[in-house]
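Notes follow the structure.
The values are calculated or read from the model by the stated rules, or taken from the named source; none is laboratory data. Worth saying up front: this structure is predicted, and the values here are computed from it rather than measured. All Cβ positions, even for glycine, are placed from backbone atoms using ideal geometry, and neighbour counts span all protein chains on display. Side chains are part of the model used for accessible areas, which takes the heavy atoms of the whole protein and leaves out ligands, DNA and RNA. Shrake-Rupley method; radii C 1.70, N 1.55, O 1.52, S 1.80 Å.
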Amino acid sequence: SFNANELALNVDLQRSIALYWATQTVSPTSDPGMTYVTANQLVETLTKAFKEGKNGETYTLGFFKRDGSGGHAVVPYAIEDRGNNIVWVIVYDNNWPDVPRAFEVNTANNSWKYQGSTNPNKPTSLYEGDATTTEGLRLVANSQRLLVQDCPF
């Protein structure tokens with residue numbers, strides 16, 4: 001299995017990490033590249049992108065608690081149909097680099113849940129939402145990060 005911690009920290013990798021961190025809150029990455037989605041929209045968008053393979057868009061998935069706190073971001077890389085209207089969105093979470101993790105989506109009621117944390121040294125808690133949680137899931141098109149970004153400072 002792949003462990004991101006085994007990557008040699010080199011200039012190219014450091015630049016990529018800095019780019020993704022620095023572009024998460026500026027335009028055009030943050031808008032229109034960033035879209036709040038429901039659980040079912042998340043599954044539909046990622047399923048389409050994964051079917052397109054190398055030509056498809058890649059995404060970063062941000063998520064928040066219902067009160068808007070506890071924001072964190074992960075990288076979705078697979079969809080797994082578990083049956084009975086349950087779909088897993090398999091993600092890479094840098095807080096647990098050795099463990100495949102999954103958002104559980106219930107497509108029947110358009111809801112999602114994820115056990116996570118903003119810090120790997122702190123206890124996990126349940127993140128969850130449904131169609132009424134309008135800012136719980138944030139899907140960011142990574143192609144937007146390669147455009148010229150507005151500098152607000």
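Starting from the coordinates of the alpha-carbon atoms of the range 25-98, obtain the Kirkwood hydrodynamic radius over all distinct pairs and give the value in Å to one decimal.
Final number for the Kirkwood radius of the range 25-98 is 13.7 Å.
Give me the tail of P(r) for the chain as a percent: Cα-Cα pairs with distance above 28 Å.
19
Bin by bin, in steps of 10 Å, what percent of the Cα pairs in the range 89-128 do you find, going until the bin that has the longest distance?
With a bin width of 10 Å, the distribution comes to 30, 51, 18, 2.
Just grab the label-to-label distance for T132 and Y92, each label 7 Å out from Cα along the Cβ direction, in nm (one decimal).
Using points 7 Å along Cα→Cβ, the separation is 3.7 nm.
Calculate, in nm to one decimal, what S125 and L13 gain on full extension: separation in residues at 0.36 nm each, minus their alpha carbon distance.
Extra length available between S125 and L13 comes to 37.3 nm.
Quick one: dipole size for the chain, taken about the Cα centre, charges +1 on Lys/Arg Cβ and -1 on Asp/Glu Cβ, in debye to the nearest 20.
Here the chain has a charge dipole of around 80 debye.
Mind checking the per residue accessible area of the range 9-153 for me, 1.4 Å probe, whole number of Å²?
Ligands and nucleic acids excluded, the figure is 59 Å² per residue.
If r is the Cβ-Cβ distance from C151 to S69 and R0 is 30 Å, what FRET efficiency results, to the nearest 0.05?
Taking R0 as 30 Å, the efficiency between C151 and S69 is 0.65.
Projected area of the range 62-126, taken from the Cα convex hull and averaged over every viewing direction, in nm²?
Mean shadow area of the hull around the Cα atoms is 4.6 nm².
Give the aspartates and glutamates reachable from K65 as a straight Cα distance under 14 Å; neighbours fewer than 8 places away on the same chain don't count.
E128, D130, E135
Taking the Cβ-Cβ separation of K54 and K113 as r and a Förster radius of 25 Å, what is the calculated FRET efficiency to the nearest 0.05?
Efficiency for this residue pair is about 0.20.
I'd like the carbon and sulfur percentage of the solvent accessible area for the chain, probe radius 1.4 Å, heavy atoms only, ligands and nucleic acids excluded.
53
Could you name the lysines in cross-link range of K54, using Cα to Cα under 30 Å and dropping any fewer than eight places away on the same chain?
Result set, ordered by chain and number: K113.
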